[in-house]
Number of protein chains: 2
Amino acid sequence: MQFVNFTVALFTAFTMQARSAQQELPVLILSADAARDIKSEKSTDALLESSFQYSRRKADEVLKHPVTVPLPEDAGGGYTHEKHKRNYADMYHAALLFSITGDKAYSGFVGEMLLAYARLYPKLPLHPMRKENHPAGKLFWQGLNEAVWLFYSIQAYDLVKHEIRRKDRDRIEKELFRNMVRFISVDSYETFNKIHNHGTWAVAAVGMAGYVLGDKDMVERAVRGSEKDGKTGFLKQLDELFSPDGYYSEGPYYQRYAILPFMVFAEAIAQNQPELGIFEYRDNLLHKAVTTLLQLTNQNNEFYPINDAIKDKTYFSEELIFATNIAYERYKDADLLPVIRQTGRVSLTNAGLITARAVSRTEGETYNRIPMLIKDGSRGDQGGVALLRMPNASGTRLDALFKFASQGMGHGHFDRLGILLYDGDNEVLSDYGAARFLNVEAKDGGRYLKENKSYAKQSIAHNTLVADETSHYQGKVSEGSKNAPELLFSDFREDILIVSARENNAYKDVNMTRTVAMIAMEEAPDYPFLLDIFEADSDTPHQYDLNFRYPGQLMQTSFPYQRDQTLSAMGKNNGYQHLFKMASGKPGKGQATFTWLEGKKFYSITTLTDEDTELFFTQTGAHDPHFNLRTEKSYLIRQSGAKTHVFVSLIEPHGSFDPQLETVQNPDSEVEELRLVFEDEDYLVVSFRFRNRPAYLMALCRGETDEDGLHKLQIGEQTLSWKGAYLLTRKQ
Amino acid sequence: MQFVNFTVALFTAFTMQARSAQQELPVLILSADAARDIKSEKSTDALLESSFQYSRRKADEVLKHPVTVPLPEDAGGGYTHEKHKRNYADMYHAALLFSITGDKAYSGFVGEMLLAYARLYPKLPLHPMRKENHPAGKLFWQGLNEAVWLFYSIQAYDLVKHEIRRKDRDRIEKELFRNMVRFISVDSYETFNKIHNHGTWAVAAVGMAGYVLGDKDMVERAVRGSEKDGKTGFLKQLDELFSPDGYYSEGPYYQRYAILPFMVFAEAIAQNQPELGIFEYRDNLLHKAVTTLLQLTNQNNEFYPINDAIKDKTYFSEELIFATNIAYERYKDADLLPVIRQTGRVSLTNAGLITARAVSRTEGETYNRIPMLIKDGSRGDQGGVALLRMPNASGTRLDALFKFASQGMGHGHFDRLGILLYDGDNEVLSDYGAARFLNVEAKDGGRYLKENKSYAKQSIAHNTLVADETSHYQGKVSEGSKNAPELLFSDFREDILIVSARENNAYKDVNMTRTVAMIAMEEAPDYPFLLDIFEADSDTPHQYDLNFRYPGQLMQTSFPYQRDQTLSAMGKNNGYQHLFKMASGKPGKGQATFTWLEGKKFYSITTLTDEDTELFFTQTGAHDPHFNLRTEKSYLIRQSGAKTHVFVSLIEPHGSFDPQLETVQNPDSEVEELRLVFEDEDYLVVSFRFRNRPAYLMALCRGETDEDGLHKLQIGEQTLSWKGAYLLTRKQ
């Protein structure tokens, strides 16, 4: 239905566009009016002024050097690759400066450089460093960079074209832009029509070129796909790549990247064809896309490093400056303003101007992160990600992420039912992220390293369960893409945030169910902790490994262990070949506690063990011939030979070390008792007790639950009765 | 000469002291007048107010709980240990609050607690957890803590005693303080008369007790030693423990600790016996003691971790608050004020009041760190420490520390001619510091770990040369204390900071000479680097290992290497047993470059190699049964079978990685050529050249140099002639 409307709107709108292009005024995201207002308001608006100065510094630096457009030769990180990237950024900043100041030195530079590209481009073959099975570019080894180049350069051209002589404009449009559009949208048909971030960059660049060149066909193909049937193109990408909650299937790191072409192209559409209502599409999807992305950050403002992700990336990245500004302009969501204020810059765009005005009228530096259940899948039925967040006594928060999302395409990791844990600034249970040194040429040209596949993507590189030393879905994207985990239940209250999910397809005959609860007991509400119940269920015996990656230093264990004198790998395949076995222990029946120190705080994992439990300490670095892996540590709980096993673990932050005062608080785990007190086909009951506090019972219904059904269970003297999937109550 | 004067002054002064004690007004470091002024000025002085509020929060917390004085049972980190430490801090803050507010709830608490101690103390035997060969305490496992307890408690008593009933005062003075003074100064005669930080705490505590109790004998013994002959005691400690440059023989970490009793007792002396001129003693030694200590910090304000040191300790530590305030009060050195402003607190003392007034009258947040040559040894003839510091393009600094100091007593490490390197916030070449988790009971009671001796103190745990896998002076303190390295020459100019030192006694038949130069070439003045020339000279062949500890991740090497599939230890003893061999290579003749990434910057070491050179990558963790060692990495250059060898290395920061912009700058070493172009008995000449820059020659005179002698040398076509120990010039 929506589709039909869009098709009609697309055609009627084009008459307006053609007119506005003739007037030669900018048609994309910085209008002549906005540029004039930025010029006049920046002297009294700190945010506009700093944003202007930022671009001015860059643009002025640009003018000092001659225009250089080298013949493409190098892969990522190499000279010509970096130079062509630099060139589009240089043109963009120079064009902004011209728009705001009117100084023709800037527009002259842009025109000259575009002409140089117009001379070079038609002669270019595919890039010499292109890789097999990866879409090639001409200026760059991969086509993706080509689309990004066009994305920025067409914006620069939009701002300066009326300053360029007609003859030169014709040459630039014909030899450079139309050639490049053809390469990106026709020669690279497959990428252009792909439902993937590479496709998003391609359609955004081509669609914006269409507006600037006044080419209706380009715009239509960008919005509705090469065949103009809506089966591919921008709208289809909006349909397929985001969940109704605004979760992007590849995960936050790539969402951060893709959000830029999504928001900027949407802004260009809204500017040129407002009647399309692009910002209202799918129930204001683009609003949720931005707010959900911002929520997917830890307390250092870094995106959660699930799937392929560079770990240092924060919401201060360039892409977010554009995205948050446009989101504010379009949705007037004041919750975005603290992020923009923290960033200290706005984009020099219509949206940036409006946002800067709003920031100057408001206060508040603190961006509010909240507990959230974010569903994955275009229809919201492909699992999701849960963010469990509670305030703690340090004035920061305990944050857990529970991932039961879909595969996330080629950049997805095999980490079904994995968790991450943060305590304020501290990473407590970590993800390796991606094995990649972005743009460092010495590290395989800055691309994903071999170890990304052999380690970082494998299940053992995550905080989840691995059966038989084999990754989920055998580490095959095609298999993993067929199924997503299933949300069993969730409940978010002040004293408990609980989520339970099931993954029955990661292994042929092992069903996995994980229930993660963040709990703040009435007796110690400022000391939240995590209760983690991981069930593996099969008809045949398996080796089950529950892995916890802990940054930090071992302080103590409640069990004896043996250190290995010479270190060798834990296994042969599926990531195990990269782990050195550092130590192992057999704790026997009871509960095993492991305590470590990280960032001047203490953390403990207390786990139920039996006679078969083995515990391992491992460290990355084995079979790593080029030192491509960072050295990181894990604690691994192994249960061998069982058909079914329930791992019960309690993970608690519990103390601190102050090096200035030389004081240590609570270095020992506070957990005195952890027990599985009942287990049958229908129910699991766990009891736990902290020192000097009453014992609690957590009862879980196994499998599906009738929300209205009443459950009754006798535990010793105590009768438990409850409605719903779980019960947390004091033990009597 | 000075001695005689002091003896006379000491006796005449005592009449005054006796009078002032009778008036029952405080006689130590917070006078009644100053307390009154703090009270009235704090409302308009932010620093006084925050300092007052800091103590008030602590004191108010104290009043919420009953007085608890447990029977001593636990070692460091355990309950009774921490509680007795807490108690003296509680009394101190409560006493401050009483002095400033006059609120008798605070003084009542102090009196009550002191009475409880007066009841407990006479009955106490030596502490049950005391250790053999370590001076024991009664409240604490070690006597040191006992002296610290007295140090604070006597100050608390000084402030409140006129509020305590005469009968209780008599009891407190007799049963507690006099008993404790006897234990510290008579029973523990040896520690009390030791020239060591334990001795400083003891004499400071006892001396201050003497002023408060009006006991002339106590004061005399504290100032001039038990025998009152000046051979031990406070003045002798000032004579022996500091160099004329204010360097403390144990190094900055312990200087930070000892500076508190030094400064506070000096302040008490000046208050009660101003005619002693204690702050003018040894040419204003205590001024230099504080300023030199502050200079011995990196750009994170952390003390350089040479010798036994906890690495997180900054100049914001409590001790420095007292020390900087007193130093300002006494010497009016405005360079101290930025440190005090950064700290955000002053001590609630006479000195703190004066300092806060000064801070409020001035501006400036930046503490100025400068290049320095700091001599060690009570007469300045025991080597020293050089701080080479140059500004860089990032707006921060490249900082090198070159250590050619004396052994530093029991806490000294065997790191003769070792270097450290920092680049802004980044540790580039690191020191392990001490193997200790201070006050973490699970880690051997928080004491120094076994691995401190077996690894952290050993030469291989440092950035220096090790012959035959044996530490300097065979790792024996008694041997190491017999000799110090010798400064050969130093020269500090804008474009070069160069220091050369020799150590001929660390090995029976190996002489070591290291020359470290920080250079800022005219062509790139903002990119300083380090040229490191380490000569080992012997009549017999040895295995020479030059070690560089690098935090960070290997990016690339100019040479091939083999990774070990199973890891085993590098050696059997002297720290080598704790290093896993990770990889090794034989580069052959030429220059070998190793590049790593740390803190988003790139660093390279380029070293001359020959056919015998072997290169190793190592990692700590071998033979570490309790995971006591942090995992850290080293690059080791081994030269086997040579009698004499000159290691020539160039260490350069050269680029950066910006994860937000995803840009990489200069990831490759800029060094194109490094050569030893001339070597004979008298001279060494090294040439080096960076990409796109002219080549340079560095000529060194070997051994002693006649400052006025003229040196002449023909290098190819070029005639070098110079005066002095070295020449740096362009190659023609």
At most 13 other Cβ atoms within 10 Å and a DSSP loop assignment: could you name the GluC sites (Glu not before Pro) in region B:634-732 that fit? B:681, B:704, B:707, B:717
Output the residues of region A:413-440 meeting this criterion: accessible area (heavy atoms, 1.4 Å probe) in the chain alone minus accessible area with all protein chains in place is 40 Å² or greater. A:437, A:438, A:439, A:440
Name the residue from A:686, A:710, A:726 whose Cα lies farthest towards the positive end of the charge dipole of region A:670-732, charges +1 on Cβ of Lys and Arg and -1 on Cβ of Asp and Glu. A:686
Protein heavy-atom accessible area occluded, A/B pair - total, 1.4 Å probe, Å²: 4500 Å²
Taking only the alpha-carbon atoms of region A:605-731, what semi-axes of the equivalent ellipsoid follow from 5 times the gyration tensor eigenvalues under a square root, in whole Å, largest first? 35, 24, 14
Quick one: angle between helix B:252-272 and the longest Cα principal axis of chain B, in degrees between 0 and 90, rounded to 10, please. 40 degrees
Relative contact order of chain B: what whole-number percent is it, with Cα pairs under 8 angstrom and at least 6 residues apart? 8 percent
Beta carbon of chain A nearest to the axis of the rotation taking A to B, residue and angstrom distance: A:567, 2
Evaluated at q = 0.09, 0.14, 0.22 Å⁻¹: base-10 log I(q)/I(0), Debye formula over Cα of region B:18-163: -0.31, -0.71, -1.31
With the full set of protein chains present, the residues of region B:552-571 whose 1.4 Å probe accessible area falls by 10 Å² or more relative to the chain alone are B:553, B:554, B:555, B:556, B:561, B:563, B:565, B:566, B:567, B:568
Would you compute, for the Cα atoms of region A:236-276, the largest minus smallest coordinate along each principal axis and list the three values in descending order, in whole Å? 30, 18, 15
For residue B:586, which inter-copy label distances result when the label point lies 7 Å beyond Cα on the Cα-to-Cβ vector, reported in nm to one decimal and in ascending order? 4.5
Whole-number D in µm²/s for region B:140-282 (Stokes-Einstein; Kirkwood sum over Cα pairs; 10 °C, 1.306 mPa s): 105 µm²/s
Distances in nm, one decimal, shortest first, from residue B:231 to the same residue in every other copy, taking the label point 7 angstrom along Cα→Cβ. 10.3
Just the number please: accessible area per residue for region A:372-669, 1.4 Å probe, all protein chains included, in Å². 31 Å²
Rounded to the nearest 10 degrees, what's the angle between the helix A:197-213 long axis and the longest principal axis of chain A, both from Cα atoms, 0 to 90? 20 degrees
The size of the Cβ-based charge dipole (Lys, Arg +1; Asp, Glu -1) of the protein assembly as shown about the Cα centre, to the nearest 20 debye, is 900 debye
Just to confirm the numbers: residue B:568, label point 7 angstrom along the Cα-Cβ line, distances to the other copies in nm, shortest first? 1.2
From the residues A:548, A:315, B:27, which one has its Cα farthest along the dipole of the protein assembly as shown in the positive direction, the dipole being from +1 and -1 charges on Cβ of Lys/Arg and Asp/Glu about the Cα centre? B:27
Between residue B:170 and residue B:133, what is the spin-label point distance in nm, taking each point 7 Å from the Cα along the Cα→C-beta axis? 4.7 nm
Suppose each label sits 7 Å from its Cα in the direction of the beta carbon; what would the residue B:73-residue B:104 distance come out to in nanometres? 3.7 nm
Residues in region A:662-679 occluded by at least 20 Å² - accessible area, probe radius 1.4 Å, against chain by itself: A:662, A:664, A:667
If packing is taken as the mean number of other Cβ atoms within 10 Å per residue, what is the order of B:584-597, B:163-176, highest first? B:584-597, B:163-176
Whole-number accessible area per residue in Å² for region B:2-361, which is evaluated in the context of all protein chains at 1.4 Å: 34 Å²
Which semi-axis lengths, in whole Å and largest first, follow from the square roots of five times the eigenvalues of the Cα gyration tensor of the protein assembly as shown? 57, 42, 34
So, with a 1.4 angstrom probe, what is the percent of accessible area on chain A that is carbon and sulfur? 47 percent
Where in region A:495-510 does the label zone of residue A:722 land, with the point 7 angstrom along Cα→C-beta and an amide N cut-off under 13 Å? A:495-500
By the scheme Lys and Arg +1, Asp and Glu -1, what is the net charge of all other residues having a beta-carbon under 12 Å from that of residue A:709? -3
Could you tell me how many degrees, from 0 to 90 and to the nearest 10, lie between the Cα long axis of helix B:104-120 and the main elongation axis, the longest principal axis, of the Cα atoms of chain B? 80 degrees
The Kirkwood hydrodynamic radius of chain B, taken as the inverse of the mean 1/r over all distinct Cα pairs, in Å, comes to 27.5 Å
Kindly flag which residue pairs out of A:601/B:453; A:194/A:231; A:58/A:85; B:403/B:572; A:174/A:216 have an alpha-carbon separation exceeding 18 Å in this structure. A:601/B:453; B:403/B:572
Which values of log₁₀ I(q)/I(0), to two decimal places, follow from the Debye formula for region B:670-732 at q = 0.18 Å⁻¹ with a uniform point scatterer at every Cα? -0.62
Per-residue average of other protein chain Cβ atoms inside 10 Å, peptide B:578-585 -> 2
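The values are calculated or read from the model by the stated rules, or taken from the named source; none is laboratory data. Please read all numbers here as calculations on a predicted model, not as lab measurements. Because the Cβ atoms are built from the backbone with ideal geometry, glycine has one as well, and the counts that use them run over all protein chains shown. Accessible surface is based on the protein model in full, side chains and every heavy atom, while ligands, DNA and RNA are left aside. Shrake-Rupley method; radii C 1.70, N 1.55, O 1.52, S 1.80 Å.
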